[in-house]
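The values are calculated or read from the model by the stated rules, or taken from the named source; none is laboratory data. Please read these numbers as outputs of a predicted model, since none were measured by experiment. Counting neighbours? That spans all protein chains shown, and the Cβs are built from the backbone with ideal geometry, glycine included. To get the accessible areas, we keep the full protein, side chains included, count just its heavy atoms, and leave off ligands, DNA and RNA. Shrake-Rupley method; radii C 1.70, N 1.55, O 1.52, S 1.80 Å.
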Amino acid sequence: MTLLLPIGLLGLISLIILLLIYIIKPNYQQKEVTSTYVWRLSLKLRKKRLPTSKLRNILLIICQVCAFVAGAFILAQPIMPHEQTKYSSEAVIIIDASASMRTYSDGATRFEKAIDYAKECTDKVLNKGGEVSVIISDSTPHFIANRVGIVDRDELFYQLDDMVSDIDNSCSYGVTDINQAISLCEDTVRRNPTTTIFLCTDSDYGYVAEGVELVNVAKSSEFNVAILDAYTIFEEGYYSFVVKLGCYGQVAQQVDLNISINGANDGKQTLTTPVEYGGRYNINENSEYTIIFRNANIEESDYEKDAKNLYIEKVGNSVTGNRNLTCVVSYTDVHIEIDVDDNFAEDNSLAIYGGTKNQLKVQYTTNKRKVFITGLLGVLRNQYSNRWDLRVKEVLLPKEQPELSGYDLYIFENYLPETLPTDGVVYLLNPPTMPEGLTASGTINSQEMYILQEANHDILKYTDSSKIFVRKYTRLATCDESLYKILWSVDSSPLLLVRESEDTQIIVSLFDIEYSNFVLRSDFFYFFDNIFDYFIPSTVIGNTFEVGENITVNARGDTLTVTNNSDYEEQVITQLPSSISLNKPGTYRFSQSEYMGRMLPDEYVYVKVPASESNVFAIGEDMKELYREKIDEDNFDDLLVYIAAIMLFLMFAEWFLQAHDNA
């Protein structure tokens, strides 16, 4: 038992008061009186009661003394402490492995400095008989050591040294997830609430969780000038080039920007190769700037006149200094660099692709030109202008004859060639004769008959067949369902079918669009749009991504090969469409072939360091709080209630004895 307030024992002074009461209390005095029979009888009875009265008085005094003692203990607040669990010294070291930890100064990166601190901290803990865990915090934090002791010290240090020598793979080029790293510490902290978490990072935080010690390895003298982003805008027939720069550190910088444009204008003009833009710009510390190279004929009012940190460079057929500022209508690739000696070099260059779109060739063959189809193909050409160069060739029978190779999509209306093309998607629209696997029984003319959807397919997305009617269609006598999948039917006869195999991709519509409301509804646009998306999907939408960003990819065959142009590391993707993320900055090449075996032009994207990592002095978000078991003075049983109960019992007993004595 322990007393929280020992001074409360001064209440025992009350026993002195009790003693004084008994000292000054008057005693019975023995006197002689006239003897009578009654008095003699009374004296006789009194003598018989004397032994019981003495015992009662003794019990009465004991109760009173104990009650006063209990009261003094109540004032002293007695407790019964629990036996405390003895925890060993333990630490979890989190090493930030984000891209900004590659910042280099004094002969080492921040990541290397963090590992050096981790080794020092490990020695201190292990020498005290403790245990150490080490977490590498990148986009997916993970343990490289979990509760290791002095026996495993050398193995841990070897692992840390190996990470320093292979920093290209051990320190990421992306972001970190500190809160997820702290979540990994939950089991350790639950087992040992005294665990200290050391976070070796280069960021300060608005809130640091309890039990976390922040170790900032950044130096105030470091700085970084970065290309945060770069892209092109096609406006008024020319490309404008937009570059966003950032400067982070304590000193303003003068930066040389160089833009090299390869394959400009596709040989339409006699140009210096490559075309180059650029200039020297003053950039203030901890600021971001936008630099735009655009055609001189574009009105300046098109941009915010009061925009801050904005440079607009006019481009035209003129010479400024030694630079040929030529307007660009197309390009193959653009390489952007800044010439600056900063502490973080990974964001000093960037590339842009997609200035020359891959051609997508469509051949439309008919004996009667339909404005519905030609108009729709024109709409799709504009819609896909940022993805493809969609070129449509119309063949009007019988003056012209269609080609049977060299196109991505063949549309044959009211016509069936003797041999179907095998290098693209074939769409047979109301064919007069049937292809392999189908036979017709005749043409049906009727009142409006609404279509029934028989199966789901991606080319039917966003369409509602129940609101589409036909008045003229070809009724089938036989249909080989091992070759064709029936998508629509009318009056139990197949109306829309699709055939898919490694060497054949055919769509068959058995109705005349002039005798249907199909072309008047949005379903017609969705249907054609779905044909392009399903049979001729874009490999990747976009040409610039950040490290770790999810990228949706697809292919027109069964495999897609992604190659890093810097180290030629290949990744073969067989599950398509798929979502991938690329973990190193640089140019990546996407290669594929169609199911029919034709090789398609390669496509390129550039993966850059996340813009958030370019700010090498960024403030991190508030940390997640970890639950820790409380280990303090409250870990005891309070005896106050028990002693109070004893005191009440003694007071009741004292009252009972007093009452019996007075009876």
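Some points to look at:
- Calculated FRET efficiency, Asp204 to Glu625, Cβ-Cβ distance, R0 = 22 Å: about 0.80 to the nearest 0.05.
- Three semi-axes of the equivalent ellipsoid, segment 308-415, Cα gyration tensor, whole Å, largest first: 46, 16, 13
- Contour minus Cα-Cα distance for Thr356 and Asn456 (0.36 nm per residue): 32.4 nm
- When the C-alpha to C-alpha distance is required to be over 31 Å, the pairs from Lys119/Lys244; Lys368/Lys461; Lys393/Lys584; Lys399/Lys461; Lys124/Lys584; Lys584/Lys624 that qualify are Lys119/Lys244; Lys393/Lys584; Lys399/Lys461; Lys124/Lys584.
- Every Cα-Cα pair of segment 72-163 was included, and the share exceeding 16 Å stands at 62 percent.
- Solution diffusion estimate, µm²/s, Stokes-Einstein, segment 118-159, Kirkwood Rh from C-alpha pairs, 37 °C, viscosity 0.692 mPa s: 311
- Cα gyration tensor shape for segment 455-607, rounded if a/c is under 1.5, else prolate or oblate: prolate
- Shape of segment 362-429, Cα gyration tensor, a/c cut at 1.5: oblate
- The share of accessible area on segment 121-242 that comes from carbon and sulfur is 46 percent, using a 1.4 angstrom probe.
- Apportionment of accessible area to carbon and sulfur, segment 333-405, percent (1.4 Å): 45
- P(r) tail fraction, segment 170-291 - alpha-carbon pairs more than 23 Å apart, %: 58
- Cβ-Cβ FRET estimate between Asn127 and Asp161, R0 fixed at 25 Å, reported to 0.05: 0.80
- Carbon/sulfur fraction of accessible area - segment 415-551, other protein chains in place, 1.4 Å, %: 43
- Positive-end ranking of Ile233, Ile7, Gln505 along the dipole of the chain, with charges on Cβ about the Cα centre, is headed by Ile7.
- Given their separation in residues at 0.36 nm each and the Cα-Cα distance between them, Glu394 and Arg471 gain 25.0 nm when the chain is fully extended.
- The residues of the chain expose on average 53 square angstrom of accessible surface per residue, using a 1.4 Å probe on protein heavy atoms.
- Spacing of the modelled spin labels on Ser612 and Asn414, each 7 Å from Cα toward Cβ, amounts to 6.0 nm.
- Label zone at Asn284 (point 7 Å along Cα-to-Cβ), backbone N below 20 Å, segment 246-261: 246-256
- Lys, Arg +1 and Asp, Glu -1 on Cβ, resulting dipole of the chain about Cα centre, debye, nearest 20: 4440
- Only helices enter this figure: runs of n ≥ 4 DSSP H residues, each worth -39500 (n - 2.57), summed and divided by the residues of the chain, yield -7500 deg cm²/dmol at 222 nm to the nearest 500.
- The residue list Thr443, Leu409, Thr463 was ranked by how far each Cα lies along the charge dipole of the chain toward its positive end, using unit charges on Cβ atoms, and Thr463 comes out on top.
- Taking the centroid of alpha carbons for each part, segment 525-569 and segment 390-454 are 29 Å apart.
- Kyte-Doolittle at least 1.0, axis length at least 24 Å by Cα - qualifying DSSP helices, the chain: 640-662
- Dividing the alpha-carbon radius of gyration of segment 113-189 by the rule-of-thumb value 2.2 N^0.38 Å gives 1.10.
- Take the Cβ atoms of Asp602 and Glu514, set R0 to 51 Å, and the FRET efficiency comes out at 0.75.
- The value obtained for the chain, namely the Cα convex hull volume divided by the number of residues, is 355 Å³ per residue.
- Ser593-Val65 pseudo-label distance in nm [points 7 Å out on the Cα-to-Cβ vector]: 10.9
- Rg/Rg_globular for segment 365-522, with Rg_globular taken as 2.2 N^0.38 Å and Rg from C-alpha atoms: 1.03
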